Amino acid sequence: MDDALFDAEPIEIPANNKFVTAPLAARMRPSSLDEVVGQPQVTRADSPLRGLLNPDDDNKLAATSLILWGPPGSGKTTLAHVVSVSTGRSFVELSATSSGVKEVREVIDLARRRFARGVGTVLFIDEIHRFSKSQQDSLLAGVEEGWVTLVAATTENPSVSINSALMSRSLVLPLNPLKDEDVIELLAKALTSEKGLKNKYTCDEKALEHIARSSGGDARRGLIALETAAGVADAEKRLEITLTDAEVAVQRAALRYDKAGDEHYNVISAYIKSVRGSDVDAAIHYLARMVESGEDPKFIARRLVILASEDIGLADPNALVMAVSAMQAAQLVGWPEARIILAEATTYLALAPKSNSVYNAINEAIEDVRKGNAGAVPLHLRDGSLPASRETGAGKGYKYAHDFEEGVASQQYLPDNLKNKTYYKPGSRGAEQRFADLWERIRQVLRSSK
């Protein structure tokens, strides 16, 4: 890598150039925190980032690197540029999808030489979670010595995807998806700004609302849609962007959903909790998000099978039957028809009475076993099929349940140290009330044994 490339000035595009124009999203990129829309936790007067960008203490930023954690379009690249512009440092960008240790070391080496001349460098690495441990380790020397101010962007939880050495040297700034009103504000600025559409177009309010809603909190996506809608109007020699233009520009809102990332776990978590909480509408909504994002139907169905046992149990014994049938059917037919099967199962399980008694029972029993509270199997329950075992008394005195009128014999089944233990504590919802009454009668017979 040539050191001269570091010092190269950005290419200026003449204002009258009709053939080369930067995209609207690039032209509208803020150059200061005051121009950033949304993210008040970052832009407010007392935010940590403003403290780091304090021009009265220029060296303050050199000791701190930043990890920007948020969904696509939330402003990670924008904030990296703001850091560079606000501190007067050179800006170098690498993508973790196309750069390796070699490229990182070249940038660090050039930054070290620039640092010796009194010139700082902001190194922006997009999608740093895709870097391996060795690639992340290659950044440490430059960060530790202050040769570079690292600004790293990630859509995944940094405590999981970024190694502890780099985390300890960085300030993590979580970013949120932009609200619809934030996106509308940004679109309105783009319509009037000299960097944007320069008041050439008017825009129907419903069109702005549609673009904002369809952008899913992604500023970049919203600006692309606005620029496309303006192009639709321009092609028809109109200066008003209508709702129809916006609908053409936004054919379909692409969901922010990464099967390997945080949003995947957030959506499935919300889905399961909605079913558990008996909110059919919310459960169907989250199911739709997974369907539209191409989630594996087997993954969704397996979670329903688990939920049927964990959260419904014997309050509705048919819930497990429904979930298993849905899993088999969804696997058989696949998308798109599997959406109907999963929606039916989701609705049934959400409306079913809930009980976690069985779940609690097995967990409590496992906890006792792990603590060593197992105890010897009672002698009358032991296998007495072999002569040697019969000589020890194994099986002697065992009462065969079918010999008794109700099929229940009065005898001890648990080990001596647990003979009065109760694991299954049935609830009172749905069909489990019947099991509760039955279990109480059976326990009275069992515990009456001498």
Original post:
Which angle between 0 and 90 degrees, to the nearest 10, do you get for helix 338-351 versus the longest principal axis of the chain when only C-alpha atoms count?
Top reply: 60 degrees
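Given an 8 Å cut-off on Cα distances and at least 6 residues of separation, report the relative contact order of region 378-446 as a percent. Intermediate values should be presented prior to the final figure.
Working: 57 pairs, mean separation 17.4, N = 69.
With pairs under 8 Å counted, the relative contact order is 25 percent.
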Subject >> Cα long-axis angle, helix 432-446 against the chain (0 to 90 degrees, to the nearest 10) >> reply: 40 degrees
**OP:** Please name whichever of SER132, ASN176, GLY407 sits farthest to the positive end of the charge dipole of the chain, dipole taken about the Cα centre and charges placed at Cβ: Lys and Arg +1, Asp and Glu -1.
**Re:** GLY407
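By counting other Cβ atoms within 10 Å of each Cβ, how are PHE299, PHE115, PHE435 ranked from fewest to most?
Numbers: PHE299 12, PHE115 17, PHE435 20.
Lowest to highest Cβ neighbour count: PHE299, PHE115, PHE435.
About the Cα centre, and with charges only on the beta carbon of Lys, Arg (+1) and Asp, Glu (-1), how big is the dipole of the chain? Nearest 20 debye, please.
Details: 54 positive and 61 negative charges, 288 e Å.
Dipole of the chain, to the nearest 20 debye: 1380 debye.
Taking the mean number of other Cβ atoms within 10 Å as a proxy for protection, how do you rank 85-96, 117-128, 218-229, 372-383 from highest to lowest? Walk me through the intermediate numbers first.
Working: 85-96: 17.7, 117-128: 19.8, 218-229: 23.9, 372-383: 13.2.
So the order, starting with the most tightly packed, is 218-229, 117-128, 85-96, 372-383.
Would you work out if region 95-136 is rounded, prolate or oblate? Take a ≥ b ≥ c from the square roots of the eigenvalues of the alpha-carbon gyration tensor; rounded if a/c is under 1.5, else prolate when a/b is larger than b/c, oblate otherwise. List each step's numbers first, then the result.
Numbers: a/c = 3.01, a/b = 2.14, b/c = 1.41.
Prolate, since a/c reaches 1.5 and a/b exceeds b/c.
When ranked by the protection proxy of mean other Cβ atoms within 10 Å per residue, highest first, what sequence do the peptides 179-187, 328-336 form?
Descending mean neighbour count gives 179-187, 328-336.
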Original post:
Quick one: Debye curve from the C-alpha atoms of region 31-174, no solvent, what's log10 I(q)/I(0) at q = 0.09, 0.10, 0.14 Å⁻¹?
Top reply: -0.24, -0.29, -0.59
Original post:
Taking the Cα centre of the chain as the origin and placing charges on Cβ (Lys, Arg +1; Asp, Glu -1), which of ILE211, SER98, LEU53 is farthest toward the positive end of the dipole?
Top reply: SER98
Original post:
Between the helical axis of 357-370 and the dominant principal axis of the chain, each derived from Cα atoms, what acute angle in degrees is found, rounded to the nearest 10?
Top reply: 80 degrees
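Convex hull over the Cα atoms of region 378-446, averaged projected area in nm²? It would help to have the intermediate numbers written out before the result.
Numbers: hull surface 23.2 nm².
Projected over every direction and averaged, the Cα hull of region 378-446 covers 5.8 nm².
Relative contact order (percent) for region 170-319, with alpha-carbon contacts under 8 angstrom and 6 or more residues of separation?
Numbers: 148 pairs, mean separation 25.0, N = 150.
For region 170-319, the relative contact order is 17 percent.
To the nearest 20 debye, what is the magnitude of the charge dipole of region 31-174 about its Cα centre, counting +1 on the Cβ of each Lys and Arg and -1 on the Cβ of each Asp and Glu? Write out the running numbers ahead of the final one.
Values: 14 positive and 16 negative charges, 51 e Å.
The dipole magnitude comes to about 240 debye.
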Original post:
For region 310-315, in order, what is each residue's ³J(HN,Hα) by Karplus, 6.51 cos²θ - 1.76 cosθ + 1.60 with θ = phi - 60°, in whole Hz (x at glycine and Pro)?
Top reply: 6, 10, 10, x, 7, 5
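Is it possible to state the helix-based mean residue ellipticity at 222 nm for the chain, with each DSSP H run of 4+ residues giving -39500 (n - 2.57), the sum divided by total residues, to the nearest 500 deg cm²/dmol? What is it? Spell out each step's value before the answer.
On the way: 22 runs with 217 residues, N = 450.
Result for the chain, helices only: -14000 deg cm²/dmol.
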Original post:
Say the cut-off is 27 Å between C-alpha atoms; which of LYS273/LYS298; LYS133/LYS371; LYS273/LYS425; LYS399/LYS419; LYS179/LYS237; LYS195/LYS237 go over it?
Top reply: LYS133/LYS371; LYS179/LYS237
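Over the chain, what is the mean sequence separation of C-alpha contacts under 8 Å (at least six apart), divided by residue count, expressed as relative contact order in percent?
Working: 668 pairs, mean separation 48.4, N = 450.
Result for the chain is 11 percent.
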Original post:
Reachable aspartates and glutamates from LYS354, Cα under 16 Å, same-chain residues fewer than 8 places away excluded?
Top reply: ASP279, GLU310, ASP311, ASP316, GLU432
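Multiplying the sequence separation of LYS102 and GLU185 by 0.36 nm and subtracting their Cα-Cα distance, what value in nm do you get?
Numbers: separation 83, 0.36 × 83 = 29.88 nm, distance 4.18 nm.
Result for the pair: 25.7 nm of gain on full extension.
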**OP:** Could you run the Karplus curve 6.51 cos²θ - 1.76 cosθ + 1.60 with θ = phi - 60° over region 143-160 and give me ³J(HN,Hα) per residue in whole Hz, x for Gly and Pro?
**Re:** 5, 4, 7, x, 5, 10, 9, 7, 10, 10, 10, 8, 9, 10, 4, x, 5, 9
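How big is the charge dipole of region 378-446 about its Cα centre, in debye rounded to the nearest 20, if each Lys and Arg gets +1 on its Cβ and each Asp and Glu gets -1 on its Cβ?
Numbers: 11 positive and 9 negative charges, 48 e Å.
Computed about the Cα centre, the dipole is about 220 debye.
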**OP:** Kindly write out, for region 32-42 in residue order, the coupling ³J(HN,Hα) from the Karplus curve 6.51 cos²θ - 1.76 cosθ + 1.60 (θ = phi - 60°), rounded to whole Hz, with x marking Gly and Pro.
**Re:** 8, 5, 5, 8, 6, 9, x, 6, x, 5, 9
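Mind giving me the FRET efficiency for SER168 and GLU405? R0 is 45 Å, r the Cβ-Cβ distance, nearest 0.05 is fine. Could the numbers behind the result be given before it?
On the way: r = 71 Å, r/R0 = 1.57.
Computed FRET efficiency for SER168 and GLU405 comes out at 0.05.
Rounded, prolate or oblate: which fits region 294-450, taking a ≥ b ≥ c as square roots of the Cα gyration tensor eigenvalues, rounded meaning a/c under 1.5, else prolate when a/b beats b/c? Provide the component values of the computation, followed by the final result.
Working: a/c = 2.62, a/b = 2.14, b/c = 1.23.
Verdict is prolate for region 294-450.
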Original post:
Which residues' amide hydrogens lie under 5 Å from the amide hydrogen of LEU66, considering only partners 5 or more residues apart or on another chain, with H built in the peptide plane?
Top reply: LEU150, VAL151, ALA152, LEU171
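Coordinate-derived values only; no laboratory data. If you're wondering where the values come from, they're calculated on a predicted model, not measured in any experiment. Don't worry about glycine lacking a Cβ; one is built from the backbone with ideal geometry, like all the others, and counts go over all protein chains shown.
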